[in-house]
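*Asks:* Please see the structure below; I have some questions.
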2 protein chains.
Amino acid sequence: MEVGLIFPFPLKRSYGGSQKGITYVPNGDSQNLFHTGDADLKTPLNLEFIAKDTVKAVERRDVIVIIDALRCCSTIVTALTNGAACVIPVITIPEARMLKKKNPGFITAGERKGIKPKGFTLGNSPLEFSSENVKGRVVILTTTSGTKAISLSKKGEWVLIGAFLNAKAVAEASLKIAEKEETGISLVLAGKEGQFSLEDFLCAGAIAEGFPAEKVELDDAVRAALLGFEGARRSLKKVIQQGSHAQYLEKKGFENDVEFCSKMNIFAVVPFLKEEKIVPLETSV
Amino acid sequence: MEVGLIFPFPLKRSYGGSQKGITYVPNGDSQNLFHTGDADLKTPLNLEFIAKDTVKAVERRDVIVIIDALRCCSTIVTALTNGAACVIPVITIPEARMLKKKNPGFITAGERKGIKPKGFTLGNSPLEFSSENVKGRVVILTTTSGTKAISLSKKGEWVLIGAFLNAKAVAEASLKIAEKEETGISLVLAGKEGQFSLEDFLCAGAIAEGFPAEKVELDDAVRAALLGFEGARRSLKKVIQQGSHAQYLEKKGFENDVEFCSKMNIFAVVPFLKEEKIVPLETSV
């Protein structure tokens, strides 16, 4: 007779996922994993440092929070706060143009090397996404890093968008979903051109702070981000400004964006990727 | 006529390395890189989060500091401080046994899953590497993560070993070498079984703090580690104990090792990989 072992702690990645409430039954030649629904187990909270590791979060079937504080995710948060109907993330500029051609009412927005592509309505500055500019409109968005990370997560069932602007809201929403779905949560740093970005790491720490300690089991990378945020919090804007991406943006004249994107918890919207469109979570589930 | 452009800032990785004082001469079909020796340029200080990215540091021709605070690098630092003639890092247990067979005077040391392999003289606890046990002896060391990371760096010209125990010393030594050689410096986190480890990240921050700010150009990852260390410093030991690796070691009964390895700057030795042996830097150059 097989004996089901209930682990007294959340299963780690080596067991094939970060779902909680899982029973591992050794049966000689394979591992059977199934849910027990044990509500006492904490939700695993993981962090991936670079965008390409979004796929690891997808494999774990985690609720995914894509973080690109400068500026893509801040832009999406602002657009939805100001009443955009939805944001459609696309990878390439031709893709954005084709979609616009088919749907003349849509707005094209985004950047390459920080600058608005030719013929686009808006750039990637969240400050452009005012109610006047976006209310009721569908926004097609293509950026160098953020929309690519979002695209890598498309196979994930629950993909949310996080920024300093909505840190607390996205933490609360992701935990609610993860508890209901009995999965873990992965914070994924979009970074800049596939590389690690300081501001996204700090933003992950800011978001992680929004989880009740007794409800989540932190991996080492989340602990590192929390400590980094702790070290930065007293002069957050100044620290973000020291990062390579902020320095790049400031050289291009986007210092107001850096300042705006450093504001914490000014918005309550939680953008959610649903059938390749990003919509506010509260109106979609 | 070609015009040599002297960059007013340290060259980034995309220019093929993190060497400083480099002149880039565009010549139509290839890039010529050569040193100008401009002493005003800062030394690039980089960080790699996981062991396999040691190869990136090697490609950049950086001075490499391998960090495995729990416990391999702390063990090496302690062994050399207590007079071991050298430490020979090897990847596998059979390799260690074969080397011992050929050299009966050598000491075998190391761990698998934290525990001393059968027949080995010592484990991987730095506390075992007392003067009585290692003075004048050659130590063959094989560990799960640390010696593998060291092995990946073998093609690097300058490979140093860093821990909390010798943080300041290894910072000073690596800067001295990098300035002389006109290269960058890479801190590489060995982690645990190829994964990110909290204590190595904090150790990188502790080491980074040992560099004079005016002499180094930090990448985003080093800034993150500095902030993490800043957030952790007031209760460093306690924070390290929260990491997954420390928790594992404490369960195995190695809580004294975790405490010892958390001590900062108690040793001045800088272990240096020279022809596949690790020796104290000061006696080797």
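The values are calculated or read from the model by the stated rules, or taken from the named source; none is laboratory data. Here the structure is a predicted model, which means the values were calculated and not measured. Cβ sites come from the backbone with ideal geometry, for glycine too, and all protein chains shown count toward neighbours. Areas reflect the complete protein model, heavy atoms only, side chains present, ligands, DNA and RNA absent. Shrake-Rupley method; radii C 1.70, N 1.55, O 1.52, S 1.80 Å.
*Asks:* Hey, does the stretch B:198-216 have a residue that's facing another protein chain (nearest Cβ under 10 Å), modelled with pLDDT under 95 and closer than 20 Å to A:Leu45 by Cβ?
*Replies:* no
*Asks:* Check whether at least one residue in the stretch B:243-263 is touching a helix residue (DSSP H, G or I) at 6+ places or on another chain (Cβ under 6 Å) and facing another protein chain (nearest Cβ under 9 Å), and report yes or no.
*Replies:* Yes, some residue in the stretch B:243-263 is touching a helix residue (DSSP H, G or I) at 6+ places or on another chain (Cβ under 6 Å) and facing another protein chain (nearest Cβ under 9 Å).
*Asks:* Follow-up question, since we're still on this one. For the stretch B:97-125, give me the residue count where each residue is touching a Leu at 6+ places or on another chain (Cβ under 8 Å) and of a type outside the set (Phe, Trp, Tyr).
*Replies:* The qualifying residues number 7.
*Asks:* OK, next. Looking at A:Leu187, A:Leu218, A:Leu175, A:Leu152 in this structure, which one is surrounded by fewer than 24 Cβ atoms within 10 Å (Cβ to Cβ), in contact (Cβ under 8 Å) with a residue 40 or more places away in the chain and touching a Leu at 6+ places or on another chain (Cβ under 8 Å)?
*Replies:* It is A:Leu218.
*Asks:* Take the conditions under 19 Å from A:Asp200 (Cα atoms) and open to solvent by 10 Å² or more (accessible area, probe 1.4 Å) and apply them to A:Thr121. Does it pass?
*Replies:* no
*Asks:* Would you say B:Glu275 is over 20 Å from A:Ser197 (Cα atoms), away from every other protein chain (no Cβ under 14 Å), touching a strand residue (DSSP E or B) at 6+ places or on another chain (Cβ under 9 Å) and open to solvent by 30 Å² or more (accessible area, probe 1.4 Å)?
*Replies:* Answer is no for this residue.
*Asks:* Additional query: So which residues in the stretch A:105-117 are open to solvent by 20 Å² or more (accessible area, probe 1.4 Å) and of a type in the set (A, V, I, L, M), if there are any at all?
*Replies:* Hit for the stretch A:105-117 is A:Ile115, nothing else.
*Asks:* If you don't mind, there's one more thing I want to ask. Residues to consider are A:Val188, A:Val258, A:Val216, A:Val270; find the one that is aliphatic (A, V, I, L, M) and more than 16 Å from A:Cys73 (Cβ to Cβ).
*Replies:* After ruling out the rest, the residue left standing is A:Val216.
*Asks:* Sticking with this one: Can you tell me which of (1) within 27 Å of B:Ala169 (Cα to Cα); (2) among the hydrophobic types (A, V, I, L, M, F, W, C); (3) in contact with a helix residue (DSSP H, G or I) (Cβ under 7 Å, 6 or more places away or on another chain) is the one B:Cys86 doesn't meet?
*Replies:* (3)
*Asks:* Within the stretch A:162-185, can one find any residue that is within 11 Å of another protein chain (Cβ to nearest Cβ) and touching an Asp or Glu at 6+ places or on another chain (Cβ under 7 Å)?
*Replies:* The answer is no; no qualifying residue exists.
*Asks:* Among the residues of the stretch B:221-235, count how many are more than 7 Å from every other protein chain (Cβ to nearest Cβ) and touching a residue at least 40 places away in the same chain (Cβ under 8 Å).
*Replies:* Matching residues across the stretch B:221-235 total 2.
Yes or no, residue by residue, for (1) modelled with pLDDT under 50; (2) open to solvent by less than 10 Å² (accessible area, probe 1.4 Å):
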| site | (1), (2) |
| --- | --- |
| B:Met1 | yes, no |
| B:Gly21 | yes, yes |
| B:Phe34 | yes, no |
| B:Lys56 | no, no |
| B:Arg60 | no, no |
| B:Cys73 | no, yes |
| B:Gly83 | no, no |
| B:Ile91 | no, no |
| B:Asn103 | no, no |
